[in-house]
Amino acid sequence: MARAPKRKTPKNKAKAKVSKARAADPRASKARAAKPRVSKAKPPASKAKPRVSKTKPRAPKPARKAAAKPTPLDFQSLILTLQKFWADQGCVILQPYDMEMGAGTFHPATTLRALGKEPWSAAYVQPSRRPGDGRYGENPNRLQHYYQFQVIIKPSPADPQALYLESLKAIGIDPGAHDIRFVEDDWESPTLGAWGLGWEVWCDGMEVTQFTYFQQVGGIECDPVAVELTYGLERLAMYVQGRENVFDLDFNGRGVTYRDIFHRAEVEYSAHNFEYADTDLLFQRFVACERECNALLAARLAQPAYDQCIKASHTFNLLDARGVISVTERAAYIGRVRALAKLCCEAWLAPTNPPTNTHAG
Amino acid sequence: MSELLLEIFSEEIPARMQKQAAADLGRLVGEGLKAGGLAARSLATLVGPRRLVLVADGLPKSQPDTLEERKGPQVGAPELAIQGFLKAAGLASLDQAERRELPKGTFYFAVSKKPGRATAAVVKDIVEAALGQFPWPKSMRWAHNPARWVRPLHGIVCILEGEVVPVTFAGITAGAITRGHRFLAPGAITVKNFADYQAKLRAAFVLIDPAERAQLISSTLAKLAVAEGLRVKDDAGLLAEVTGLVEWPVPLLGTIDAAFMDVPAEVLTSAMRKHQKYFALTDGDGKLANRFGVVANMATSDRGKAIIAGNERVLRSRLSDAKFFWVQDKKRTLESRLPKLEERVFQAKLGTMRDKADRIARLAAYLAAYVPGSNAEEAHRAGLLCKADLSSDMVGEFPDLQGIMGRYYALHDYEPTMVANAIADHYAPLGPNESCPKAPVSIAVACADKIDSLVGFFAIDEKPTGSKDPYALRRAALGLIRIVLENKLRLALLPAFGFALGGYGELVRDSAREQVERELLEFFADRLKAHLRDKGVRHDLVAAVFARGDEDDLVRFMARVDALAAFVKSDDGANLLVAYRRAANIVRIEEKKDGAVYAGEIAEADLGAPEASALLAAIAAIETTVDAALHREGFAAAMAALADLRQPVDRFFDKVKVNADEPAPRAARLRLLSRIQAAMDRVADFSKIEG
């Protein structure tokens, strides 16, 4: 059954960061910055290509001989290509954070690591959940669950725009054949107490990436400043593959489509988000997360506390999608999540003073 | 004479900030040069997405030399003072000092010539100061850099007559190297002077002059449109924005998919403009055509084919959303959306939008009585429905379509046309240059919406202060003023405010009501002054009419101002004004001298001069005429009656000595002068008139 859900979803872009990645050599980003850019002659895309064409029965071999149009990347190859590209730039390649969140920015690898003096370069895919954007699988462009590819580099390198454009070439978008532009789009996350300046990047009029120089996170000034790139993977793939419906995306180059994997989930989660999510339980959960977050902060466990902040934020998004939060209450809920985020960020930066192991004795 | 070329090359500058940035750069550097004694013969600034450029010509080679003087002790002062002076001034002996005669005696002076600094050195300081204090509306830091700029900075070119001035800012030292178009000519370009810079950049696919880009965009788009029998819809704001998004504009035309052409034109235009920055095209009848104009920043070997295809695809996905909303929204009537307005807060203390809709409905019905051609029933209906589209999906996605969608949905519900049009018109005028509603029902609802907001926010003491006007009350007041004046509505504002306040029920205590109404009227007076000042009406004339007391009928007010303007421009008027001031001055001076007030009854016998008696008679005569004229709002007639005073007044001043030697005639004559003022002040307070 089709329905038009309420569309006023907050731009709840928040991010998180992975503390495990600390193992990564902090100098990696410096080395990367000094390195010459990816050579034009050998874009990473060419590596991924042969595999695709080999396994794809439909691609006739003779046609590939000339400098014909390369086969567009399937969805998973797009991800692999971006990962390879940014790994070559010195980023640690992380896995998605194992929690529901509205945007890759909520990942601790971004939110927490954007703070502080230590250099940091990471790239990862993050499933992003926007409960209010569910369309029961009927809208060709809108999903309540989709993927972002997130790159965070601190300090921002000398020419991040050039690096970014190289990454577009790697996935088969030739800036010489398209109209690529950087259009003002200042980013602000009221839930994270974060803001930055940058652009949305347009490719022939389509926004494919958000590009942000973080100025503040959790109400704390970013110094040095990190640059964040957020690729909308489905949009990019639709562009590269020339599809008008996200569900028609070629996922693996072997006949599996995006629809095969995600359509049923979109239908079911839309019903969950708009009709079935238990609002009483959600209200309780919000309060519980808030309480737990504060308790963990008292124990100086910054990242576990931040997990609860992420959970509170997603819980709020679900309540919002269910339409049970009034306009005036909304601001108050966002303020409560922001207060948690702020405390978590401050705790993250607090001088390390390992919590006492009360189990030891 | 030298030329200065300055280019600040950065990552993309937001389009909306470019024009002001160019002006600020010109101002900061221009003022710096002037203050440094280096006035340029000409100074121009240019701006584009990645660069801010300044060229100044005719600069001197160096600052003029200056003489520095230091005053020393008096001749014959103690040795210690003399030695101190010589040391401080850097003189070897008193022979090097001058002696000067001053009123207080003879003093030593040390005079030294300070050679002017070379222009290059001064320019370096000026430019560095300008960059360091640049007033971007929003600026940022990047990497480790403590400096701020609008976006990360990549290079500075600063050349004075062929020589690099090594300006340093944000870790960058200026040179002579810039870059061309990001994709079409990314290599380094060495430049010598402005002419060389402009030519080389043009060859590198960068047009640095925004005026040239704008011209190229509009003429090329127009040509493309005309070739298809279409024309581009004027959109100066969009043109300015797009000009700031491209260095090498390449206008192209794309096609709107036929599947979307049944969606209202405003929706298509709004979706194209707001999200995609496309220009709308119209056919011969002014109807929206199925083509759009997009301005790329790129020349491609396929002549833009891929770019057009990409843009068409994006537009299809945008419009499929819009079409979905259009179909969905029409499944419900506007009226059925009213309960939804209860979830929308107008203002915490002022209730929900539903409450507001009810108040607007009642107020519009009340106001309909003052709008010829409207009727209370339709005004009430339109008022009730005017906010209902806020809960539609379309307005949720495209807030700028509020009202416009309400009209479409109302027509779909078979509401009367006047009602539907009033829903669309009631937000107008949105800006000082936007047009006002003309249709009667629209006028009633537009006024009701504004009065309701103004009265409500004043009642809870949320008045605009300084630059803060979060509820756009100044705009609302100005809008109301314009609607009333442009439609010549005979509407007494105070009773209307009173009725509107009644709509808020218990919110305001009865005792406080009058104060709210007064404050609001004063607020209107200020807005009216500002409005008339913008229209070139002399503010002193406005003040002169205002000083007559509370006038809450704007049309009558303007009639007075107009009549007064015509009068003071006339010969009689100008002359009388002089007499008025002369009379006022004399009375003021004498009153001060005597510590008395000269006003009140005048015994004719005391005047003691025929010219004085004649003047008194003339005043008495015109007072009656003026009062009668004012009563029937014949302001021009009232002014004309005043003109009858001119001759008697002139004759009085010619022949009669005001400050007579005898106290009785003096007092009577002073009272007569007061009476001239009083007579004239019936029409307007002439003491406020300047010039």
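FYI, it's all coordinate maths here, none of it is from the lab. Since we're looking at a predicted model, the values are computed, not measured. Ideal geometry is used to build each Cβ from the backbone, glycine not excepted, and the neighbour counts take in all protein chains shown.
Odds and ends about this structure:
- Net charge contributed by nearby residues that have their C-beta within less than 13 Å of residue A:292 (K/R +1, D/E -1): +1
- Inter-centroid distance (Cα atoms) of the stretch B:282-310 relative to the stretch B:99-143, Å: 54
- Cβ-based net charge around residue B:130, under 10 Å, with every Lys or Arg adding one and every Asp or Glu removing one: -3
- Projected onto their three principal axes, the Cα atoms of the stretch B:68-114 cover extents of 28, 21, 15 Å, largest first.
- P(r) of the stretch B:335-536 over all Cα-Cα pairs, binned every 5 Å from zero, in whole percent: 1, 8, 16, 21, 22, 17, 10, 4, 1, 0
- Dimensions (Å) - the protein assembly as shown, Cα atoms, principal axes, largest first: 122, 98, 81
- Packing-based exposure ordering (other Cβ within 10 Å, fewest first) of B:423, B:307: B:307, B:423
- Total formal charge among the other residues, if their Cβ is under 11 angstrom from that of residue B:193, Lys/Arg +1 and Asp/Glu -1: -3
- In this structure, the amide hydrogen of residue A:257, modeled 1.01 Å from its nitrogen in the peptide plane, lies closer than 5 angstrom to those of A:251, counting only residues at least 5 positions away or on a different chain.
- Counting only DSSP H runs of at least 4 residues, each contributing -39500 (n - 2.57), and dividing by the residue count of chain B, the helix-based mean residue ellipticity at 222 nm comes to -16000 deg cm²/dmol.
- Restriction of the GluC sites (Glu not before Pro) in the stretch A:222-256 to DSSP coil positions whose beta-carbon has at most 14 other beta-carbons within 10 angstrom yields A:244.
- Alpha-carbon centroid distance for the pair the stretch B:214-255 / the stretch B:634-682, whole angstrom: 66
- Exposure proxy for B:386, A:203, B:436: other Cβ atoms within 10 Å of each Cβ, ordered fewest to most, give B:436, A:203, B:386.
- Sorted by Cβ neighbour density within 10 Å, fewest at the top, the residues A:320, B:571, B:57: B:571, B:57, A:320
- The fraction of all Cα pairs in the stretch B:565-688 landing in successive 10 Å bins from 0 to the largest distance is 14, 47, 31, 8, 0, given as whole percents.
- Listed cross-link partners B:223/B:305; B:569/B:592; B:192/B:277 are compared with a 26 Å cut-off, the Cα-Cα value being larger for B:569/B:592; B:192/B:277.
- Euclidean distance of C-alpha centroids, the stretch B:376-453 and the stretch B:521-562, integer Å: 29
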